[in-house]
Amino acid sequence: MGTGHIMRCIALAQAWQDVGGEVSLLARELPETLGDRVQREGIALIQPHRDIADVEDTCTAAAEADWVVVDGYQFDTAFADRVCSAAKHMLFVDDLGQLDHYAASLVLNQNITADSSTYANHAAHTRLLLGGQHALLRREFRGTAPRRDAITPIERVLVTLGGSDPDNVTTKVIDALLLLPQLHAKVIVGAANPRREELARHCLQAGGRIELLPPVENMVPLMDEAQIAISAGGTSVLELASRGLPTLLIAIADNQLAICETMRDRGLMAYAGWHTDVSPAALALALDEFSSKTAIPQRAQFIERGLELVDGRGAIRVAREMLALTAQCLVRVRTATMNDARRVLDWANDPVTRSVSFNQTQITWSNHEPWFTRRLADASCLLLIGEDLQGNAVGMVRFDVANGIATISINIAPEHRQRGLGTALILVACRGALASGAANQIRALIKPENTASQRAFQRAGFTPSDDEDVAGQRALCMVLN
């Protein structure tokens, strides 16, 4: 399994952990350094015996999980179908459109080349997640990108050519840098690259201008420090774009050609060419031009368009999609009626509910009935009842909408608490409200001491905003767009 595949699996695992989930990675022949990295992330690593068929192992593991994620070029249609039939839900991470058909719950292609026509032969229930907004980047890439200046003379270069670099393109890049004494470079050597000592000796010719670095767990500080980058056309393309770092690409694998060419054609990155076609002298010329004053407008464009393509929160979006599908297997919502008035009052007067309410006074039926009637008739209010799949009423969700912003209130029936339904009900209700166009943003106002509610909204994808005042009391505000 390639380094890029592992890194994006880690990114998705982190996002799933952030919404309260646990993750295991089933992989064969994983380099020890990557295996250690996986386990440091709190991911259980499962490495089966080589004499057992992959599909049997995967199906066994899939049957015990809420989700199974399949990522790898070696997995064919027959494998995907077998695993899909064993899994509750499956996410198939795809780059090439290599399957005859797709039956997974979700199909993810994060590349700039992703196109829905590639997946025309997919099941009716399959949802496609395409493009850079779904890029699986690790937690560190969620932070705000630096303010970049395309005008300052270029001195600092970052080189990253993948985990193994089987064709030793790194040596060619070092040779090109040796021809450009104005540039200082940091060269990342991947964990699976066997030529570290050889490359280190080669860098000595630069008199300290070229620094060889071991595998780095957090690339963000290096990317943010650099002014330009030289990169292969793999997963790092999306990482670099998310930091707004102008980049010169070299294709080092067949599956990178289309990505490199599309990045060039759409004005996102420069492209030097296929690695065997680029000599050190030609690469030095391309790099010299890319770092020159005449390339300032081009670099400025790359900064802007890269940030537009990838915002670093793609893994969170994918995890939210997964969680929403899981939620739909737990709860559904329907519009409330007057028949629900009494149960909603009973839920509202529950001692736990009153204790976390901004107004803790018990509610009388004489006040509740006319209020409930008005709410049902109010076009700016959406009052919903959550039900489990057996038809039992499990909670209430209310949206009060003004100027495209909906304020959400939620209450889980006391007898249905501790079932994990809070986050599920928030997800299902909010997904419907946003999809209907009733609102383009949803906010929740929560008492600071109500940590359970804060966790439920955070797991549903809400993020903190500025505090607000509710009836003279401080309220934490969390928003979902």
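The values are calculated or read from the model by the stated rules, or taken from the named source; none is laboratory data. As the structure is a computational prediction, the values presented were derived from the model and not from experiment. Neighbour counts are summed over all protein chains in view; Cβ atoms, including those assigned to glycine, are modelled from backbone coordinates with ideal geometry.
Overview of values
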item: Test for residue 249: is it outside the structural domain of residue 129 (by TED's automatic domain parsing), more than 17 Å from residue 147 (Cβ to Cβ), within 24 Å of the chain's Cα centre (by Cα) and not in a helix (DSSP H, G or I); result: yes
item: Single condition residue 409 does not satisfy, out of (1) within 20 Å of residue 464 (Cβ to Cβ); (2) among the polar types (S, T, N, Q); (3) surrounded by 15 or more Cβ atoms within 10 Å (Cβ to Cβ); result: (3)
item: Scope segment 434-469; condition of a type in the set (Val, Ile, Thr) and surrounded by fewer than 16 Cβ atoms within 10 Å (Cβ to Cβ); matching residues; result: 451, 463
item: Only listed residue being assigned to a helix (DSSP H, G or I) and modelled with pLDDT of 95 or more, chosen from 334, 354, 320, 299; result: 299
item: Filter pass, residue 261 being of a type in the set (D, E, K, R) and either outside any helix (DSSP H, G or I) or out of contact with any strand residue (DSSP E or B) (no Cβ under 9 Å at 6 or more places or on another chain) (or both); result: no
item: Of residues in segment 458-469 being in a strand (DSSP E or B) and within 20 Å of residue 19 (Cα to Cα), the one nearest to the chain's Cα centre (by Cα); result: 463
item: Residue in segment 115-124 that is over 26 Å from residue 306 (Cβ atoms), of a type in the set (Asp, Glu) and surrounded by fewer than 18 Cβ atoms within 10 Å (Cβ to Cβ) present; result: no
item: In segment 176-198, the residues that are surrounded by fewer than 20 Cβ atoms within 10 Å (Cβ to Cβ), under 37 Å from the mean Cα position of the chain (by Cα) and not in a loop (DSSP other than H, G, I, E, B); result: 184, 186, 196, 197, 198
item: Residue in segment 220-236 that is modelled with pLDDT under 95, more than 29 Å from residue 255 (Cβ to Cβ), polar (S, T, N, Q) and not in a loop (DSSP other than H, G, I, E, B) present; result: no
item: Single residue of segment 470-481 satisfying the filter (of a type in the set (A, V, I, L, M, F, W, C) and surrounded by 12 or more Cβ atoms within 10 Å (Cβ to Cβ)) that is nearest to residue 323 (Cα to Cα); result: 480
item: Number of the exception - residue 164 against (1) small (Gly, Ala, Ser); (2) in a helix (DSSP H, G or I); (3) not assigned by TED's automatic domain parsing to the domain that holds residue 14; result: (2)
item: Qualifying residue in segment 57-69 (condition: touching a strand residue (DSSP E or B) at 6+ places or on another chain (Cβ under 7 Å) and under 25 Å from residue 193 (Cα atoms)); result: no
item: Selected residue [touching a Cys at 6+ places or on another chain (Cβ under 7 Å) and aliphatic (A, V, I, L, M)] from 460, 456, 438, 406; result: 460
item: Flag for residue 201 being of a type in the set (D, E, K, R), without any contact (Cβ under 8 Å) to a residue 24 or more places away in the chain, in the same structural domain as residue 279 (by TED's automatic domain parsing) and over 29 Å from residue 254 (Cβ atoms); result: yes
item: Residues of segment 364-388 satisfying the condition of being among the aliphatic types (A, V, I, L, M) and under 16 Å from residue 413 (Cβ atoms); result: 383, 384, 385
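Here's the yes/no breakdown for (1) touching a residue at least 24 places away in the same chain (Cβ under 8 Å); (2) among the β-branched types (Val, Ile, Thr); (3) closer than 16 Å to residue 340 by Cα; (4) not in a strand (DSSP E or B):
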{"site": "369", "(1), (2), (3), (4)": "yes, no, yes, yes"}
{"site": "374", "(1), (2), (3), (4)": "no, no, yes, yes"}
{"site": "395", "(1), (2), (3), (4)": "yes, no, yes, no"}
{"site": "398", "(1), (2), (3), (4)": "no, no, yes, no"}
{"site": "401", "(1), (2), (3), (4)": "yes, yes, no, no"}
{"site": "408", "(1), (2), (3), (4)": "yes, yes, no, no"}
{"site": "456", "(1), (2), (3), (4)": "yes, no, no, yes"}
